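Structure first, then comments.
The values are calculated or read from the model by the stated rules, or taken from the named source; none is laboratory data. All values reported here derive from a predicted model rather than from experimental measurement. A quick note on method: Cβ atoms are made from the backbone with ideal geometry, for glycine too, and the neighbour counts reach across all protein chains shown.
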Amino acid sequence: MMIDITKSVAFTGHRPERIRQTSMLYFYLDIVSQVRRLYSLGYRNFLSGMAEGFDLLAAQAVASLKTEYTDIRLIAVVPFRRQANRYRQENKSLYDRIMKTADEKVILREDYCKDCFHRRNDYLIDNSEIVLAYWDKQPYGGTYYTVGNARMMNRTVINLYK
């Protein structure tokens, strides 16, 4: 299915170890608030790379809004089929629940390869107009790569890091 990038938002952010929030509940509510705001501006497609941490939290926020916004779409962009095999058990369960509610699942590869996460991040950028990020401004890692490439492609980047 073709994604209208003018109505699409991609999520990128850190794994749990790099998320520094006083309360995960407030952080989650901040993400919900941003999704609501972007929805009110006409964005309907929300793409998640389904990684532990910010990606899963953002996907969960979209999934929770599906009863309120019946035309909101969650698109799970998975770098390789067994991505969640390495996750902690609580995140595997969350991943499975989100995958069941996703409107579309994009599996980029069957098996892991060295650059599969970069390919996933490129897919997110290529298919969205806005990138909603949680980036601590450190010059390394997948979120750094994604935010940098999004800016080079003139995507709007909204960073929730405080």
Query - Criterion: closer than 18 Å to M2 by Cα, in contact (Cβ under 8 Å) with a residue 24 or more places away in the chain and among the hydroxyl-bearing types (S, T, Y) - qualifying residue of Y123, Y112, Y87 - result: Y123
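Rundown of residues vs (1) in contact (Cβ under 8 Å) with a residue 12 or more places away in the chain; (2) closer than 22 Å to N121 by Cα; (3) not hydrophobic (A, V, I, L, M, F, W, C), yes/no style:
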site: F46; (1), (2), (3): yes, yes, no
site: S64; (1), (2), (3): yes, no, yes
site: T70; (1), (2), (3): no, no, yes
site: R82; (1), (2), (3): yes, yes, yes
site: T101; (1), (2), (3): yes, yes, yes
Query raised in the report: Out of segment 35-44, which residues are touching a residue at least 12 places away in the same chain (Cβ under 8 Å), in a helix (DSSP H, G or I) and either out of contact with any strand residue (DSSP E or B) (no Cβ under 6 Å at 6 or more places or on another chain) or β-branched (V, I, T) (or both)?
Result: V35, R36, Y39
Report task. Kindly list, by first and then second residue, each pair from a residue in segment 3-29 that is at pLDDT below 90 to a residue that is assigned to a strand (DSSP E or B) and surrounded by 16 or more Cβ atoms within 10 Å (Cβ to Cβ), limited to pairs with Cβ atoms under 8 Å and residues at least 6 apart or on different chains. Result -> I3/N45; I3/L47; I3/I75; I19/G13; I19/Y134
Query raised in the report: Of the residues in segment 5-37, how many are over 13 Å from L74 (Cα atoms) and over 14 Å from the mean Cα position of the chain (by Cα)?
Result: 18
Query raised in the report: For segment 1-30, which residues satisfy the criterion of being among the hydroxyl-bearing types (S, T, Y) and assigned to a loop (DSSP other than H, G, I, E, B)?
Result: T22, S23
Query raised in the report: Which condition breaks for Y134 when tested against (1) in contact (Cβ under 8 Å) with a residue 12 or more places away in the chain; (2) over 20 Å from I19 (Cα atoms)?
Result: (2)
Report task. Name the one entry in A10, A59 that is within 24 Å of N154 (Cβ to Cβ) and crowded, with 20+ Cβ neighbours inside 10 Å. Result -> A10
